[in-house]
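The values are calculated or read from the model by the stated rules, or taken from the named source; none is laboratory data. These numbers come from a predicted model, not from an experiment. Counting neighbours? That spans all protein chains shown, and the Cβs are built from the backbone with ideal geometry, glycine included.
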Amino acid sequence: MGETAWGEVMGKAVAAVAGSFEHAGRRGAAADYDVALMLAFQRGNELAFQELVERNHARVIGLIYRFIGDAADAEDLAQEVFLRIYRARQTYKPTAKFSTWMFRITANVSLNALRSRASRRDDVSIDQMAETQDGPRAMPDPETRMPDQRLHQGELQDKVRQAIGTLPEKQQIAVVLNKYEGMSYADIARTIGCSTMAVKSLLARARDNLKDRLLLYLRTGRSRQQIA
């Protein structure tokens, strides 16, 4: 199918989606080209899924990286996100913007990866302590680390990402979607599955927590985890 013909088909698909959902007040889904692509894929059009991936691949990788901070892992996890989208085509319902649904999947995949990483890290730490007589004394003494008040921009950004990673999961999702994706409170609420007031509360608590963690680091050169 040529580009012109494909464009005409998708234009009609978008119009059909708008007509079928406008009466229900779901204008976000009605005006969403990605929703039309997903519905076309649901009807068996594999080209629609390919375009869906091409349109959203970089965005998904960027969002995963905000959660986990590892570019290679972000690439691998993005494949997992689109695999889940592929498998969900029969049950997909366009009740909101496609990005809202996609970001919920992306956040879940990212947080699952972080939990798995933390579990492996805990296992390694326990094994290492069991194998050495020195135990905790084998760890570097945090008191020997000098404060650095002249953090480079890249270092500061890394500390911000690490601080976000210490937040409770819903706070993490709210901050990443608000700060890096520019999503509205309403869209974040739909992604997380809560009210807009709850999103405002999550962001307020997250700001307080981040301020506490980052000020502590800038003043002492150590995180709260290192001090503990």
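Cβ separations smaller than 7 Å between residues 6+ apart or across chains give the following pairs from the stretch 31-50 residues that are in the same structural domain as Arg84 (by TED's automatic domain parsing) to residues that are modelled with pLDDT of 95 or more and of a type in the set (Lys, Arg): Asp34/Arg55. When only residues in the stretch 182-210 that are β-branched (Val, Ile, Thr) and either under 16 Å from the mean Cα position of the chain (by Cα) or not in a helix (DSSP H, G or I) (or both) count, which is nearest to Lys170 (Cα to Cα)? The extreme case among them is Ile192. The set of residues in the stretch 170-188 that are within 16 Å of Arg104 (Cβ to Cβ) and modelled with pLDDT under 90 comprises Tyr180, Glu181. Taking the stretch 205-223 as the range and being loosely packed, with under 14 Cβ neighbours inside 10 Å and either among the basic types (Lys, Arg) or modelled with pLDDT of 95 or more (or both) as the test, the residues that pass are Arg207, Lys211, Arg219.
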